[in-house]
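The values are calculated or read from the model by the stated rules, or taken from the named source; none is laboratory data. This structure is a prediction, so every number in the text was calculated from the model and none was measured. When we count neighbours, we look across all protein chains shown, and the Cβ atoms used for this are built from the backbone with ideal geometry, even at glycine.
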Amino acid sequence: MGINQNGRPVPLPDDASAPFFDGARRGELMLQACAACGAWMWPVKPRCVECWSEEVQWRRASGRASVYSFAVMHGDFPGFASPYVLATVETEEGVRFTTDLAGVSPDQVHIGMSLAMVTEQLTPDVAIPGFRPAPA
Ligand SMILES: [Zn+2]
């Protein structure tokens, strides 16, 4: 973990997670999926979480998601402008992430809100997938 110029924590990609971070830089949500049973998964796993197959491969997910749950964060959190929305988002493929939501005010967010993946460039070298309200 590093810290960017705004004080925000920055993950350090490794060989196992590089496809996820490389995808984010291209504006693509890359996730692992099982070639044997089709299950999607995150974080990075050496085996399928459903059937234990080792035939795990990287696939491009749709990038569409929705708000599964959320909290409005108040306080002094380095790298985040308070208040902000911290949400668990569920992708169309059924994978859940916990992330801040860009472009959503706390009084607008709701469970089930449609989201689209965007690139969050944290440093010149590291980007992560972020989510904001999907265009209508
Ligand atoms: Zn499987």
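Listed values, structure above:
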| quantity | calculated |
| --- | --- |
| Residue in region 81-100 that is free of Cβ contacts under 8 Å to residues at least 60 places away in the same chain, within 16 Å of the ligand (Cβ to nearest atom) and either more than 17 Å from Thr119 (Cβ to Cβ) or exposed (fewer than 14 other Cβ atoms within 10 Å of the Cβ) (or both) present | yes |
| Residue match in region 31-50 (condition: over 18 Å from Pro133 (Cβ atoms), basic (Lys, Arg) and within 16 Å of the ligand (Cβ to nearest atom)) | yes |
| Enumerated strands (runs of 3 or more DSSP E) restricted to region 1-103, each holding at least 2 residues that are hydroxyl-bearing (Ser, Thr, Tyr) | 64-73, 84-91, 96-100 |
| Residues being within 17 Å of Thr99 (Cα to Cα) and over 15 Å from the mean Cα position of the chain (by Cα) - total across region 15-43 | 0 |
| Among (1) loosely packed, with under 12 Cβ neighbours inside 10 Å; (2) closer than 16 Å to Arg96 by Cα - the single one Pro46 does not satisfy | (2) |
| Residue within region 58-68 that is more than 18 Å from Val10 (Cα to Cα), among the hydroxyl-bearing types (Ser, Thr, Tyr), at pLDDT 95 or above and within 16 Å of the ligand (Cβ to nearest atom) present | no |
| Condition check for Gln57: loosely packed, with under 13 Cβ neighbours inside 10 Å and in contact with a strand residue (DSSP E or B) (Cβ under 8 Å, 6 or more places away or on another chain) | yes |
| Matching residues, region 111-126, being surrounded by fewer than 20 Cβ atoms within 10 Å (Cβ to Cβ), under 11 Å from the mean Cα position of the chain (by Cα) and not charged (D, E, K, R) | Ala116, Val118, Thr119 |
